[in-house]
Structures are given as C-alpha cells and as structure tokens.
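The values are calculated or read from the model by the stated rules, or taken from the named source; none is laboratory data. Since the structure is predicted, the reported quantities are computational estimates derived from the model, not experimental observations. Here the Cβ is made from the backbone with ideal geometry for all residues, glycine too, and neighbour counts use every protein chain on show. With ligands, DNA and RNA removed, areas are computed over all heavy atoms of the protein, side chains included. Shrake-Rupley method; radii C 1.70, N 1.55, O 1.52, S 1.80 Å.
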Amino acid sequence: MEDNYLTVSALTKYIKRKFTTDPHLKNLWLKGEISNFKHHSRGHMYLTIKDDNARVQAVMFAGNNRRLKFQPENGMNVLIRGDIGVFEQFGQYQLYIQQMEPDGIGSLYLAFEQLKEKLSKKGYFDEQRKKELPKFPEHIGIITSPTGAAVRDIITTIKRRYPIVQTTIIPVLVQGENAPSSIAGAINKANQITGFDVLIVGRGGGSIEELWGFNEEIVANAIYNSQIPVVSAVGHETDMTISDFAADVRAPTPTGAAEIAVPSTLELLHNVSSMQRSLTRIISEKTATASQHLNRIKQSYAFRYPEQLIAQKEQELDKYVERLGTAFNHERRRKDERLSGLNARLEALHPRRQIERTIKDLKQLNKQLNYVMTKQLEQSQDRQQNSLEKLTLLNPLETMKRGYAITYSSSGKLLKTVKDAAESDEITVKLSDGKLVSRVLDIEEEKDGEG
Amino acid sequence: MEKDSNLSFEEAMAELEKIVEKLEKGDVPLEKAISYYQEGMQLSKVCNDKLSNVQEKMTKIMNEQGQFESFEIQEDE
C-alpha cells in the first residue's frame, strides 16, 4: 500500500514536466499590472503581475532585464513575453519573463522620459552651463558615421559657407547596440586632441530605435563633460533626443548644425565691405570737417591782417614794459625805505654811543667822587681843627699859664678838694714853668665852693 | 602692420569692429582718426584676404589608429 504514495518532490517534478511540455505555457504573451516589484541586489527582478481578479508571481533574471529600456514600477501596466514554470522548492508556479514592454506607451519613449527627467534634475540641461560657440571656428570635429547622408550634408554646407575652416570627421557607429559607447568615446577622444573648437554630433533621420544611441546616458555624460562646445544634430527637426537636450546648441538637422557652427563667408565679406565703406565715409567726413575748420581759421582776422596783430602785440608789449618799469621802481623804493629804516635802527644801536655814554657817566661819577672826597676831607679838616681848638682850650698847661696851678699829694695823687689834705702834709704845687714843694699850714674850707 | 597678418580672422574682425565703433563716435582727433582709418583698412584687407584668397581647408578623417587621413565624401550611402 505504501508504494502507491507519491513523494512531494515526485509530484512537483511531474507537474513541472507537464508545465514544461505544454506549448500554451511556452512563449506566452501576458498583459497585466506590476505590483510587489523588487529589484534584487544581484540583478534579478521579482514582481507580481495582476489584474482585477487574479495574480501570478513572476521573475525576470538579470540576463533579460539588462536590456530593458525603462525602469519597471509598481502600478505600471506591462506587456510580457515569457514562459510558465514551477519553482519546486515552494511548489509554486511562476512566470519567467523574457521580455517586458510598457503597455499603452512605448518602452523607448518611457525610457527617454525617465532619463530626461533624471538628467534634468542633475542640471544637465541648464541653460547657464551651456557654452557659447566660437564666432569664427578654426577646426570643427564632426562625430558621425562617415558613410551617412549627415556627414555629406554637414561637410558640403560647411564648404559652401565657410571653406576656410578645418574639418575632421571622427567616425562612429550611429545606430545599434554599440552606438552609445562609440559616440561617447569619440566625444571624449575629441576632447583629448587639442585643436577642435566645435564638435558636431549627430546623424540623419530614422526611427526612434535607430536614433536610440543618442538617448543613452553615456552619450549625455560625454556631451555634458565636453570642454568643447557641442552642437547636436540628430534626425529631423521633430526628433528630439537626450543628446539634443544635453548639447550646448541643438540643430534641427545636420545641415542646420553646419549652418549654426560656421558663419557665411558671403555675409562676412559683405560685413567687411560694409565696414570698409563706413571707414571711408567716416574719414572723408572727418577730413572734410577738418578742412572746413582749417579754412575758417585761415579766413580769420589774425591770418588776414597779421601786421595788425603784431602792432597790437607791440602796443601790448610797451604797456607791459611800462608796467614792469613802474612796478620795478616801486619795488626798489620800497626796498630802499626798508633798508634806511633798518640802517637807522642799526645806527641807533651802535656800541659807540653806549661807550660815549658810559665815558660821560664815568666822568660824572669821577667828578662826584672828587667832590665827595674833597667835601669829606674839608669836613675832616674842620673837625680836626675844631677838635684841636677844643683840645687847646682844654690844655691844662695853657690854663696854668694863666695862673692856675695843680696840686699833688706827696704820693703823687691829684688834690681836688681841701679834704684830700691834712695839715702839715707835704704837697707839690705844679705851675706852668715848674713846681713848688710846700707844707699845709692851715685848711680853710669854704661853703658852696666860694673862695 | 606686419603683425596684422598674424591675427586670427576673429581677432581681425573684432579689431575692425572696434575701430569702426570708435570712429563712429566722432570724438576722435583727426590725426588719430587717420591712423585708425589706415589700421581699419589694413584689417579689412586682412579679413578680406582670409575669406577670399585662402585655399579651401582639407577635410580629414580619424582612422582606427587615431591618425588623420584625407577624406572624400562618398556619394553612395
């Protein structure tokens, strides 16, 4: 009985084989909405495809999703080509997606819009970063297919308009899988080679798929990073590519790019002759004006009657000479006066006067001194005479000559009063011509000195 | 005037335009104006020569080795 049971693995294998061999589950086309979208780090995409009533698990391996032109998102309606298979481990059937396209809108268009938005946010299309094309380029690099109509249009237009410019073609693949790297590589290479002052990048018209090389990020990066200004000319006027947005100038067609990149020699020649005419006209007017001015001057009074001018000048000169003389004399007088004043002041301050004054003072002083001295001497003589007279008057000898005598005690003491002597005392009476040695015989005292 | 022929076309044109502008302003002294005029005519001749008489430049193409070769337009795509 046990042998009738199947293992889970055997059942799953059986079912898987059924699924694999069913032609309706091979290469089927499915339409639905994406949900539970997950882009695994290893590159595989896991998602659910659903409609209003049902859902199916799906996987798109990295090998397949690498070629997607758009980024799948939840809620996006898609058209899918793939196979139904069984994931044995989970016993679950699922859709293995080979190819996926957005439903209702072309995947390329969607990819274009997505990249455009992304690069726009990064500032790739900002007007202020766009470089100006040189007015008169000297070397133009043409990055396109060397065999297409575009290269012919560009070169013939350049040769017609501005044959003096050097042109160099940098050949690239303009469609197919390798086009983007080829175009980007050429732009980068052109930037390494010195000498290009403009790059024209483009190709002729074609389907969106054919123009797709110019919608890749790698090309946009190369254009964005180019140091040389880039003119983009992809397809026809109505075709817009990412390259057109990223370029410094967008041309409607390759012929248009050539017209934008170079000026027209005819127009320039016209400009140059116009400037030549302007120069000639201006200088003619200028010289005519100058001649008129000169003639006016020649007709002037001064030129017609120069002797009058001289006479007038001579008269003026005389006046000036006269004024000069007056001014000179006036000045000289002023200077003389000043000198005299100074001389007088100097004379007044001469030391001789001071010496004379001093001598005079000295004489005066001498005179005074003599006078004072004489006076002094006379006074002294008078005083001396006076004193002498007084002295003479007081001279006791003189008194004695008139009869007065001086009496001394025996001891030589002057006797002034009778009381200085006693009776019998020996006394000496001195007279003017000698002395008398005497003896006191009697003493008679007188009252009040009478005697 | 010898150095004028060494000017690039762009430089010569720019100089010429400047001279015409200066002269058009009208306040240039006569002597200076004559010298400007002579310089301007010389420059216009340089521009003219560069535009009319210079031989056509060759178109070149870069080969796979990165060298330049002369290029002829192929009439058939």
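The table that follows gives values for the structure above.
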| item | result |
| --- | --- |
| The protein assembly as shown - share of DSSP beta bridges that are antiparallel (%, nearest 5) | 65 |
| Kirkwood Rh and Cα Rg combined as Rg over Rh, evaluated for the stretch A:136-263 | 0.92 |
| Rounded accessible area per residue of the stretch A:400-439, 1.4 Å, Å² | 77 |
| Rounded to the nearest 10 Å², the accessible area of A:Thr156 at probe 1.4 Å | 70 |
| FRET E, pair A:Gln99, B:Gln67, Förster distance 35 Å, beta-carbon r, rounded to 0.05 | 0.25 |
| Shape box of the stretch A:4-105 [Cα atoms, principal axes, largest first, Å] | 53, 28, 23 |
| Other protein chain Cβ atoms within 10 Å, averaged over every residue that makes up B:8-15 | 4 |
| For the pair A and B, total buried accessible area rounded to nearest 100 Å², probe 1.4 Å | 3600 |
| Eligible aspartates and glutamates near A:Lys26 by straight Cα distance, threshold 16 Å, same-chain separation 8 or greater | A:Asp83 |
| Length gained when the stretch A:Gln192-A:Thr289 is fully extended (0.36 nm per residue, less Cα-Cα span) | 29.3 nm |
| In range of the label at A:Thr21: residues from the stretch A:82-115 whose backbone nitrogen is under 19 Å from the point 7 Å along Cα→Cβ | A:84-88 |
| Which listed pairs, of A:Lys130/A:Lys189; A:Lys390/A:Lys413; A:Lys335/A:Lys360, have C-alpha distances above 29 Å, in listed order | A:Lys335/A:Lys360 |
| Probe 1.4 Å, all protein chains present, accessible-area order of B:Glu39, A:Glu356, largest first | A:Glu356, B:Glu39 |
| Number of partner chain Cβ atoms within 10 Å, mean per residue of A:256-265 | 1 |
| ³J(HN,Hα), Karplus 6.51/-1.76/1.60, whole Hz, each residue of the stretch B:59-69, x for Gly, Pro | 8, 10, 10, 8, 8, 5, 7, x, 9, 9, 10 |
| Cα gyration tensor category, rounded, prolate or oblate, for chain A with a/c compared to 1.5 | oblate |
| Entries of A:Lys18/A:Lys69; A:Lys69/A:Lys122; A:Lys69/A:Lys116 with Cα pairs more than 23 Å apart | A:Lys18/A:Lys69 |
| Cα→Cβ-extended label distance, 7 Å offset, between A:Arg352 and A:Lys367, nm | 2.4 |
| Partner chain coverage, peptide A:386-398 - average Cβ within 10 angstrom | 0 |
| Of the GluC sites (Glu not before Pro) in the stretch A:83-147, those whose Cβ has at most 12 other Cβ within 10 Å and which sit in DSSP loop | A:Glu132 |
